[in-house]
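First the structure, in the form of structure tokens, and then the observations on it.
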Amino acid sequence: MLDWVQESTDYWVSGVYAIRRLHTDGAPKKFRFVIVSAPEDFRRLDHSHNCLSDAQRECASHANLKEVAAEAPPLSVKQQATIASIIAGGNGNDREGRTPYPSKGPVPQGLNRGTFPGQARSNDEVLHDYQKAVSEAPMRRIWFGEPEDIFRWRLQFDCGCIEERLGRTDDPHSLLTVSVKDWLTGRRLMPGEYLCAGRHEKLSIPLRTFASWNKYTRRFAEEEPEEAPDSWEQDEWDAIRCKESGWVHDWEATLSCGHEVAVRSQPLDWTPDRVRERLSDERLAKIRADFEAIGLDDYHQRLLEAGWPDLSAYRDCSSCPRVRKIVVYEPLGWLVPPPPKPRKPRKEKSPKERLEIRLKEAELEARRLRAELEKLEN
Ligand SMILES: [Zn+2]
Ligand SMILES: [Zn+2]
């Protein structure tokens, strides 16, 4: 069992786990207990318990599970390959019954179908790269599936860049529903958002507001050395350095643009309602004057425009200036094109059907001749 400490009236903690007691309006003796801080794979904000011991038991059983998983040896490449092939193989079960997306099928709203100049990479080349990537990390097969289930696209983004991408269906609507990972933040972007590999000047965007505060996790933060690491300025390091070991809460929030951000190392008693949105106009005027005297850079300009709010660094969304939308798509076909379906043998026509066809042809010819004659008579 875990050792629990009651840190405040309604808050019990044990390691990374924390349980909060919630009061019921109008019923002073009726409580619910929710697990509010725990590892990502376990947090259930909507799951409440009627008594403290139930909530604690659930945390303990999760801690036990984690321990068992942590002690298990890492999966070998062979084990990964086996698991990936079972899952990826299962995904391809409906390959036979796949109906191709019609070439004149509807074009998703906001997109255009087109053909780009220049040759796309060959299937052989892409397949070779895919197989190399999978041999290094077999689990990639789970995401992309078997080569037979990979569809290739060429996309033009709103920045003008044209890039090739892999998908799992030939339906262009999937281009707007797939959610790709932002390699910089490690988070998934919103469906239909992409990052291009091109180099562009950084867009200057207004600071965002916090749309919602989603959850937090308790973490034991170790005291960090006073001396700034190589890549840091001393004053910046002093501002963020953990000066005393202790428990902190790492919060997850969603910004007004829809992107998520991690606000780390907040004190345990900190709550989002403490976030100050604006300084007074007098303070803002004073700060502006001070900065203008030494030169106002883009970031501080935007900070002033936003009212110099709290947690401003987190409001400067790192995804927004890099996010692209698709403008034009070109379907390139399946990475491994399906074998052509055997053609149905033509049905022999009966003598009656043959005569009917000849009669129709003769009638058409007669009509054409009559029209020609009419033209000559006029
Ligand atoms: Zn671009
Ligand atoms: Zn954003």
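Where the centroid of each part is defined by its Cα atoms, how far is region 266-322 from region 49-126 in Å?
Distance between centres, Cα-based: 40 Å.
Using 1/(1 + (r/R0)^6) with R0 = 56 angstrom and r between the beta carbons of Thr185 and Arg343, what's the FRET efficiency to the nearest 0.05?
Numbers: r = 51 Å, r/R0 = 0.91.
Plugging the Cβ-Cβ distance into 1/(1 + (r/R0)^6) gives 0.65.
Rg to Rh ratio, region 126-283, alpha-carbon atoms and Kirkwood radius? Walk me through the numbers on the way to the answer.
Details: Rg = 21.3 Å, Rh = 20.1 Å.
When Rh is taken as the Kirkwood radius, the ratio is 1.06.
Hey, what did the chain get for relative contact order, percent, Cα under 8 Å, at least 6 apart? The partial results should precede the final answer.
Details: 488 pairs, mean separation 66.1, N = 378.
So the answer I get is 17 percent.
Return one number: the angle in degrees, 0 to 90 and rounded to the nearest 10, between the long axis of the Cα atoms of helix 351-377 and the longest principal axis of the Cα atoms of the chain.
Around 80 degrees separate the two axes.
Using the eigenvalues of the Cα gyration tensor, what equivalent ellipsoid semi-axes result for region 244-337 when each is taken as the square root of five times the eigenvalue, whole Å, largest first?
Details: eigenvalues 262, 111, 26 Å².
After diagonalising the Cα gyration tensor, the semi-axes are 36, 24, 11 Å.
Using a Gaussian network model of the chain with C-alpha springs under 10 Å, which one of Arg219, Arg98, Arg358 is most mobile by mean-square fluctuation?
With Cα springs under 10 Å in the chain, the top fluctuation among Arg219, Arg98, Arg358 is at Arg358.
Taking amide H positions as placed 1.01 Å from N in the peptide plane, with prolines and chain starts having none, which residues 5 or more places from Asp182, or on another chain, fall under 5 Å of its amide H?
Here the answer is Arg187, Arg188, Leu189, since their amide H atoms fall under 5 Å of that of Asp182.
Can you tell which of Leu195, Leu255, Leu284 shows the greatest fluctuation in a Gaussian network model of the chain with Cα springs below 10 Å?
Evaluated over the chain, the most mobile residue of the options is Leu284.
Placing +1 at every Lys and Arg Cβ and -1 at every Asp and Glu Cβ, with all other atoms neutral, what dipole size does region 1-60 have around its Cα centre, in debye to the nearest 20?
Numbers: 8 positive and 9 negative charges, 52 e Å.
Computed charge dipole of region 1-60: roughly 260 debye.
Hey, what do the phi angles of region 307-324 turn into as Karplus ³J(HN,Hα) couplings, whole Hz, using 6.51/-1.76/1.60 and θ = phi - 60°, x for Gly and Pro?
Per residue, the Karplus-derived 3J(HN,Hα) values read x, 6, x, 5, 6, 5, 4, 6, 7, 8, 4, 7, 7, 3, x, 10, 6, 10 Hz.
Using per-residue counts of other Cβ atoms within 10 Å, averaged over each peptide, order 287-296, 16-25 from highest down.
On the way: 287-296: 11.8, 16-25: 16.4.
By packing density, highest mean first, the sequence is 16-25, 287-296.
Positive end of the dipole of the chain, charges at C-beta (+1 Lys, Arg; -1 Asp, Glu), about the Cα centre: which of Tyr329, Phe220, Pro28 has its Cα farthest in that direction?
Tyr329
Evaluate the chain: find the radius of gyration of its Cα atoms, find its Kirkwood radius, and give the ratio Rg to Rh.
Dividing the radius of gyration by the Kirkwood radius yields 1.15.
With angles folded into 0 to 90 degrees, how steeply does helix 123-136 sit against the dominant principal axis of the chain? Use alpha carbons for both and round to 10.
30 degrees
Rule-based calculations on the coordinates, nothing more; no lab input. Note that this is a predicted model, so its numbers are computed, not measured. For neighbour counting, all protein chains shown are included, and Cβ atoms are generated from backbone atoms with ideal geometry for every residue, glycine included.
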